[in-house]
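Q: Attaching a single structure in structure tokens format; questions to follow.
We did not get these values from a lab; they are worked out from the coordinates using the rules stated. Bear in mind that the values here come from a model prediction, so they are computed numbers and not experimental data. Cβ placement follows ideal geometry from the backbone for every residue including glycine, while neighbour counts extend to all protein chains displayed.
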Number of protein chains: 2
Amino acid sequence: MLDALGDPTRRVILETLRTGGPCSVGVLAERVPVSRPAISQHLKVLGAVGLVRHESRGTRNIYRVHQSGLDELRNWLDRFWGDALDAYADHVRRTEEERK
Amino acid sequence: MLDALGDPTRRVILETLRTGGPCSVGVLAERVPVSRPAISQHLKVLGAVGLVRHESRGTRNIYRVHQSGLDELRNWLDRFWGDALDAYADHVRRTEEERK
DNA sequence: TTGGTTCGTTAGTGGCAACTTACCGTTCGT
DNA sequence: ACGAACGGTAAGTTGCCACTAACGAACCAA
């Protein structure tokens, strides 16, 4: 998931899909300075983690951003930050006891 | 920012800091199966994007997770999803007109 | 001051993944 | 049914980044 967002090209692809709306692979290859097969590979990765969905329209596949991946990221964020605060509180309490 | 979270080792370091609370570089090197210099380099990257803060305690530096990076990520998420919906609405309207 | 930690930095290497070129399957128009 | 367009896949290369090893700096204790 975060691995998928780690690549700059994939983020550009997502940005393009976000600002330009859903579009085909060929159009994406025109807008992003990268060959068409590279686009395909990245879309495969993005699709595997639920960040994009594709829909076959004749010979061309229309890709669009999908929500599930973003939701998962948000949940991870919430849980992460909550646990970090708890762990910090524990740490403070522990060092407090050591000082005695 | 997302580049920083893209590396698995860095996520492990963050997880370690989160669950175990703040700790020094040497302790991190013990808990994460990676050499100490590698830890230093990763902490440098994580610090550059505001995900961790360090505080010099004598010869040793205590690192802890910091909020600003997470906040920035959350803001990005919110704006991303909102814009994606708008762009999708535009796209629907545009294809609707082309159908005429 | 001297020895022992603790940490940051540099140089160098190995491995992985992103990219391109070439090829093949699929689908639509004629 | 045939040609063309669109897209996914395979193989191969290149570039980048994570990692280790060695060195150097700062700090504390004696």
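Q: Taking the rotation axis that maps chain A onto chain B, which residue of A brings its Cβ closest to that axis, and at what distance in whole Å?
A: For chain A, the closest residue to the axis carrying it onto B is A:Gly6, 1.
Q: Tell me which of B:Leu14, B:Ser24, B:Leu85 sits at the most positive position along the dipole axis of chain B, charges placed on C-beta atoms (Lys, Arg +1; Asp, Glu -1).
A: In chain B, that residue is B:Ser24.
Q: Can you give the convex hull volume of the alpha carbon atoms of chain A per residue, in Å³?
A: 109
Q: Just to confirm the numbers: B:Trp76, label point 7 angstrom along the Cα-Cβ line, distances to the other copies in nm, shortest first?
A: Distances to the matching label points in the other copies: 1.2 nm.
Q: What does a probe at A:Asp90 reach in region B:5-39, counting residues whose amide N is under 12 Å from the point 7 Å along Cα→Cβ?
A: Output list for this probe position: B:16-22.
Q: Then there's this: Taking only C-alpha pairs under 8 Å that are 6+ residues apart, what is the relative contact order of chain B in percent?
A: Once divided by the residue count of chain B, the mean separation gives 24 percent.
Q: Picking from A:Arg53, A:Arg79, A:Arg31, which is most flexible by a Gaussian network model of chain A using Cα springs under 10 Å?
A: Highest fluctuation of the listed residues: A:Arg79.
Q: Then there is this: Please give the net charge around A:Leu17, taking every other residue with its beta carbon less than 14 angstrom from that of A:Leu17, where Lys and Arg add +1 and Asp and Glu add -1.
A: Net charge in that neighbourhood comes out at 0.
Q: If you take each beta carbon of peptide A:1-9 and count the beta carbons of other chains within 10 angstrom, what is the mean?
A: Taking all residues of A:1-9 together, the mean is 4.
Q: Find every distance from the label point of A:Lys44 to the corresponding label point in the other copies (7 Å from Cα along Cα→Cβ) and write them in nm, one decimal, shortest first.
A: 3.6
Q: Kindly provide the helix-only [θ] at 222 nm of the protein assembly as shown, computed as the sum of -39,500 (n - 2.57) over DSSP H runs of four or more divided by all residues, to the nearest 500 deg cm²/dmol?
A: Mean residue ellipticity, 222 nm, calculated: -22500 deg cm²/dmol.
Q: Any idea what the dipole of chain A comes to, in debye rounded to 20, about its Cα centre with Lys/Arg Cβ at +1 and Asp/Glu Cβ at -1?
A: 580
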